[in-house]
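Take a look at the structure below.
Bear in mind that the values in this text are calculations on the coordinates, not laboratory data. Nothing here was measured: the structure is a model prediction, and the numbers come from that model. Cβ coordinates were reconstructed from backbone atoms using ideal geometry, including for glycine residues, and neighbour counts include every protein chain displayed.
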Amino acid sequence: MDLLVIRHGIAEDRDAFAASGTDDALRPLTDEGRRKMRQVARGLTTLVPALDLLASSPLVRARQTADLLARAYSGLPVTEIAQLEPGKDTVGTRVELDHMGATLMGMWVEITVSVAEINGPALVFEFTARDAIEQVAKGKHNRFIVGIEKTAQRLKAKQAKAAAG
């Protein structure tokens, strides 16, 4: 499976929306954002005729974007991934790399990454690398979805420990 990452369409102004006191997760697309995303979705169907999976974060603007893409892809269902909520990030937990061949200096290398597994907060990506002649590498990259605030607290504690030591 190839992975396409599409940022949401043009959304309401962040600062103006924040001034309303409404949670940013509820910030919707603008009329212009919906119009332009419909155009993007139509164009995308000519470049990528079929999708295996259409996933979205729970943010309103992301879900609206996914719904517009779903319509362009004949009603493909949208899978909402709760772990893609605000305040989350990913950290790498493991990288496996098999080097299979040398590449000449200056030769272009294409790296293809696909999502191999999503298991709750655990993500596994598989990748291959090939130059103009042959495959030169393959491997896996494991990542884990974490809370930004909790990670920042851990790093701050580690920084304090390092400064004291």
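With a Förster radius of 35 Å applied to the beta-carbon distance between ALA18 and VAL115, the computed FRET efficiency rounds to 0.60.
Note on the range 1-85: the alpha carbon radius of gyration divided by the globular reference 2.2 N^0.38 Å gives 1.12.
At a Förster distance of 30 Å, what's the computed FRET efficiency of GLU96 paired with LEU54, Cβ-Cβ distance as r, to 0.05? Result of the calculation: an efficiency of 0.60. Specify whether the C-alpha gyration tensor of the range 87-148 places it in the rounded, prolate or oblate class, a ≥ b ≥ c being the square roots of the eigenvalues: rounded for a/c under 1.5, otherwise prolate if a/b is larger than b/c and oblate if not. Cα axes put the range 87-148 in the prolate bin.
Measuring between their Cα centroids, the range 24-63 and the range 102-165 lie 26 Å from each other. Charge dipole (Cα centre; +1 on Lys/Arg Cβ, -1 on Asp/Glu Cβ; no other charges) of the chain amounts to roughly 360 debye. Stokes-Einstein, applied to the Kirkwood radius of the chain over Cα pairs at a viscosity of 1.002 mPa s and 20 °C, places its translational diffusion at 113 µm² s⁻¹.
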